[in-house]
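Asks: Before I ask anything, here is the structure I am working with.
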Amino acid sequence: MAHPKVTVIGAGNVGATTAQRIAEAGLADVVLVDIVEGLPQGKALDMAEAAPVMGHDMHIVGTNDSADTADSDVIVVTSGLARQPGMSRDDLLSKNAGIVRSVVSQAAKHSPEAVLIIVTNPLDAMCHVALEASGLPPERVIGMAGVLDTARFRTFIAQELEVSVTNVDAFVLGGHGDTMVPLPRYSTVGGVPITELLPSERIERLVTRTRNGGAEIVALLKTGSAYYAPAASTYQMVDAILGDRHRILPCAALLQGQYGARDLFVGVPVQLGRRGIEKIIEIELLPDEATAFAASADSVKQLVTRMAELAAEAKAAG
Ligand SMILES: NC(=O)c1ccc[n+]([C@@H]2O[C@H](COP(=O)([O-])OP(=O)(O)OC[C@H]3O[C@@H](n4cnc5c(N)ncnc54)[C@H](O)[C@@H]3O)[C@@H](O)[C@H]2O)c1
């Protein structure tokens with residue numbers, strides 16, 4: 001039986017690491033695409049040469065030609081600029097919007113049945129660009145952020161309580177960025193809410209660290225941003241989709257009235273299966289959580305508006 005086919009656009013840190021995880025887990029054949037000549041070819045060949053050692057038979061090819069991505073089941077978009085120290089996600093807005101628009105319109109043309117996973121930042125805004133440029137239905141345009149944000153929160157909770165990370169579940173809503181909304185009352189250790197296990201000021205410290213999780217790594221690395229946990233998070237979404245697992249994961253999804261937001265990509269729990277988003281799960285929020293969620297959704301809205309303004313200015317300037 002033919003293997004499923006996953007295209008990863010952007011052969012940089014996140015893209016190449018995602019491709020490696022997908023191939024080495026035996027999940028799918030991978031096409032790695034980049035604009036830089038030789039880069040995806042070299043990384044793909046290097047990964048293919050690891051296959052005999054790692055013991056898998058997935059095909060990995062690198063290319064600069066989007067025609068090679070035809071008939072992909074899943075397309076992961078990581079192409080773009082990564083955040084540098086001192087650079088906010090918002091600074092990346094117009095450059096990455098242009099990159100995402102061009103790669104997504106090409107890729108969707110060659111794989112009209114694919115599910116798109118967007119990783120490029122600013123994440124929620126890039127999902128809007130991808131939805132428009134691809135012409136795909138909203139259930140097949142999904143942003144990766146919540147899995148990473150919850151993974152960070154889970155890590156910090158496990159370290160704080162000195163328990164296995166596998167016993168920790170966490171719940172984070174909202175846009176990817178400083179306005180994300182971790183929900184401690186739905187974050188549990190062995191099924192027990194952390195609000196029963198930790199005083200509120202310690203939880204607040206973990207929440208703050210989670211919100212700044214990306215910046216903490218940027219500050220340490222000095223050049224570039226996080227990629228091991230982002231790649232693992234993207235891998236988990238690809239696995240849920242290709243395996244038709246009906247897994248509930250926090251992802252950026254186009255909201256159509258859920259949580260009081262409309263026509264906006266915001267992070268919420270969704271059920272993922274072979275056709276993408278099967279269901280958006282809506283929970284009742286407490287008043288302060290609803291306020292924080294609305295502020296987070298509003299910051300996404302501002303980015304989308306700003307992006308439209310920048311596009312109009314660029315058009316007017318010819
Ligand atoms: N959503 C998240 O939670 C999350 C987490 C980590 C990183 N990111 C974002 O993912 C993106 C990639 O991060 P990275 O660390 O891999 O960066 P990177 O610089 O290592 O890789 C980006 C790659 O994109 C390629 N590229 C640029 N324009 C292209 C085009 N038009 N077509 C094809 N390829 C093109 C570059 O050549 C480069 O190889 C960044 O925007 C980063 O902010 C998001």
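The values are calculated or read from the model by the stated rules, or taken from the named source; none is laboratory data. Being a predicted model, the structure only gives us computed values, none of them experimental. When we count neighbours, we look across all protein chains shown, and the Cβ atoms used for this are built from the backbone with ideal geometry, even at glycine. The accessibility values were calculated without ligands, DNA or RNA, using every heavy atom of the protein model including side chains. Shrake-Rupley method; radii C 1.70, N 1.55, O 1.52, S 1.80 Å.
Asks: Looking at (1) surrounded by fewer than 17 Cβ atoms within 10 Å (Cβ to Cβ); (2) at pLDDT 95 or above; (3) within 23 Å of Ser233 (Cα to Cα); (4) within 13 Å of the ligand (Cβ to nearest atom), which is the only condition Val103 fails?
Replies: Every listed condition holds for Val103 apart from (1).
Asks: Here is a further query. Are any residues in segment 19-40 more than 13 Å from the ligand (Cβ to nearest atom), among the small types (Gly, Ala, Ser) and either over 21 Å from Ala2 (Cα atoms) or part of a loop (DSSP other than H, G, I, E, B) (or both), and if so, which ones?
Replies: Ala25, Gly26, Ala28
Asks: In the set Ala226, Ala297, which member is part of a helix (DSSP H, G or I) and not aromatic (Phe, Trp, Tyr)?
Replies: Answer to the selection: Ala297.
Asks: Looking at (1) closer than 19 Å to Tyr228 by Cβ; (2) touching a strand residue (DSSP E or B) at 6+ places or on another chain (Cβ under 7 Å); (3) assigned to a loop (DSSP other than H, G, I, E, B), which is the only condition Met47 fails?
Replies: (3)
Asks: Additional query: I'd like to know if segment 82-99 contains one or more residues that are in a strand (DSSP E or B) and within 18 Å of Gly15 (Cβ to Cβ).
Replies: No: zero hits.
Asks: Tell me, which residue of segment 110-123 that is open to solvent by 10 Å² or more (accessible area, probe 1.4 Å) and either touching a residue at least 60 places away in the same chain (Cβ under 8 Å) or out of contact with any helix residue (DSSP H, G or I) (no Cβ under 8 Å at 6 or more places or on another chain) (or both) is farthest from the ligand (Cβ to nearest atom)?
Replies: Within segment 110-123, the match that is farthest from the ligand (Cβ to nearest atom) is Glu113.
Asks: Let me ask something else. Being of a type in the set (Gly, Ala, Ser) and open to solvent by less than 70 Å² (accessible area, probe 1.4 Å) is the requirement here; does Ser200 meet it?
Replies: Answer is no for this residue.
Asks: Out of Leu206, Leu220, I need the residue that is open to solvent by less than 70 Å² (accessible area, probe 1.4 Å) and out of contact with any Gly (no Cβ under 9 Å at 6 or more places or on another chain). Which one?
Replies: Just one listed residue meets the conditions, Leu206.
Asks: Follow-up question, since we're still on this one. Restricting the search to segment 62-96, which residues are modelled with pLDDT of 95 or more, in contact with a Leu (Cβ under 7 Å, 6 or more places away or on another chain) and surrounded by fewer than 21 Cβ atoms within 10 Å (Cβ to Cβ)?
Replies: Across segment 62-96, the qualifying residue is only Asp73.
Asks: Sort out which residues of segment 30-61 are within 23 Å of Ala114 (Cβ to Cβ), open to solvent by less than 30 Å² (accessible area, probe 1.4 Å) and of a type in the set (Gly, Ala, Ser), and write them in order of number.
Replies: Listed by number, the list holds a single entry, Ala44.
Asks: Pull up segment 195-223, narrow it to residues that are assigned to a loop (DSSP other than H, G, I, E, B) and over 24 Å from the mean Cα position of the chain (by Cα), then point me to the one that is farthest from the ligand (Cβ to nearest atom).
Replies: Applying the filter and picking the extreme gives Pro199.
Asks: Which members of segment 135-194 meet the condition of being more than 16 Å from the ligand (Cβ to nearest atom) and of a type in the set (Ser, Thr, Tyr)?
Replies: Those that are more than 16 Å from the ligand (Cβ to nearest atom) and of a type in the set (Ser, Thr, Tyr): Ser164, Thr166, Tyr186, Ser187, Thr188.
Asks: Now for a different question. Can you spot a residue in segment 73-80 that is near the ligand (Cβ under 9 Å from one of its atoms) and out of contact with any strand residue (DSSP E or B) (no Cβ under 7 Å at 6 or more places or on another chain)?
Replies: Looking for residues that are near the ligand (Cβ under 9 Å from one of its atoms) and out of contact with any strand residue (DSSP E or B) (no Cβ under 7 Å at 6 or more places or on another chain), one finds at least one in segment 73-80, hence yes.
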